[in-house]
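To start, the structure itself, in structure tokens.
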Amino acid sequence: MISRRALIACATFAASLHAGVYADPVDGATDSPVATIATLQQGLIGAARARPNATVEERYRALEPLILATHDLPYIAEFALRRQWGALREDERQRFVAAFERLSVMTYAARFASVGPDTFREVTPVAESSPGRERVSTAVARTGAADVSLEYLLEQGPQGWRIINIVADGVSDLALKRAEYQRVFASGGIERLLAELDEQVRRLRD
């Protein structure tokens, strides 16, 4: 069950979005796996309510601190390109992580513009995957269609519990990214992959 501290954190962050103040999530927002997902959901709802007619760029700026706080995007980026990671220069790694973070935040900004209190189902712990890693489940409601089941894998670190993979209706987002990035990298190296991520951001923005 989500802690009282985490509930207060979620409410405070959502209230800041309603007020148009896009601050970092407050302490306690990621103190458990369930709290992290609840914080993500409430932040998405709060951003949608605060400015329903916001542009995708405005939603991007609103959601960026939330997504960075609840997801371990540097870890996901490295894992998705693990086969080539060791051969990349440090500046190439930094550029790739930055591009991956931009795409991740823009994806949320583009696809979660109209969420509300009834969009997300209850967050339920599933099991401990390994020491320091746990899974929780929830779902996204759809009008006239079956819910989309979501299972989050989270890892505990210095910043609390953060998402490292999302499985939607049984399909691993990280596995899809690994396959796509390996294919693009094979066709033109890191510069081709960076260009592809930038193009995906552009399409989401438009």
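The values are calculated or read from the model by the stated rules, or taken from the named source; none is laboratory data. Keep in mind that what you see is a predicted model, and the values were worked out from it rather than measured. Reconstructed Cβ throughout: ideal geometry from the backbone, glycine too, with neighbour counts over all protein chains shown.
All conditions but one from (1) surrounded by 16 or more Cβ atoms within 10 Å (Cβ to Cβ); (2) within 24 Å of THR39 (Cα to Cα) apply to GLU78; the one that does not is (2).
Condition check ((1) part of a helix (DSSP H, G or I); (2) of a type in the set (Asp, Glu); (3) over 20 Å from ALA186 (Cα atoms)) across all residues:
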{"residue": "ASN53", "(1), (2), (3)": "no, no, yes"}
{"residue": "TYR60", "(1), (2), (3)": "yes, no, yes"}
{"residue": "ALA69", "(1), (2), (3)": "yes, no, yes"}
{"residue": "GLU101", "(1), (2), (3)": "yes, yes, yes"}
{"residue": "VAL105", "(1), (2), (3)": "yes, no, yes"}
{"residue": "ALA113", "(1), (2), (3)": "no, no, yes"}
{"residue": "VAL126", "(1), (2), (3)": "no, no, yes"}
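Of all residues in region 118-174, those satisfying the criterion of being of a type in the set (Lys, Arg) and farther than 18 Å from ILE45 by Cα are ARG133, ARG135, ARG162. Restricting attention to region 160-176, the residues that are out of contact with any helix residue (DSSP H, G or I) (no Cβ under 6 Å at 6 or more places or on another chain) and without any contact (Cβ under 8 Å) to a residue 40 or more places away in the chain total 9.
Residues are listed down the side, and each one gets a yes or a no for (1) over 18 Å from the mean Cα position of the chain (by Cα); (2) at pLDDT 95 or above; (3) farther than 15 Å from TYR75 by Cα; (4) small (Gly, Ala, Ser):
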residue: ALA139; (1), (2), (3), (4): no, yes, yes, yes
residue: GLY144; (1), (2), (3), (4): yes, no, yes, yes
residue: SER149; (1), (2), (3), (4): no, yes, yes, yes
residue: ALA175; (1), (2), (3), (4): no, yes, no, yes
residue: GLN182; (1), (2), (3), (4): yes, yes, yes, no
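Applying a threshold of 7 Å to beta carbon distances and a minimum spacing of six or more residues, or different chains, the list of pairs starting in region 177-206 at a residue that is in a helix (DSSP H, G or I) and ending at one that is modelled with pLDDT under 95 reads GLN182/ARG83.
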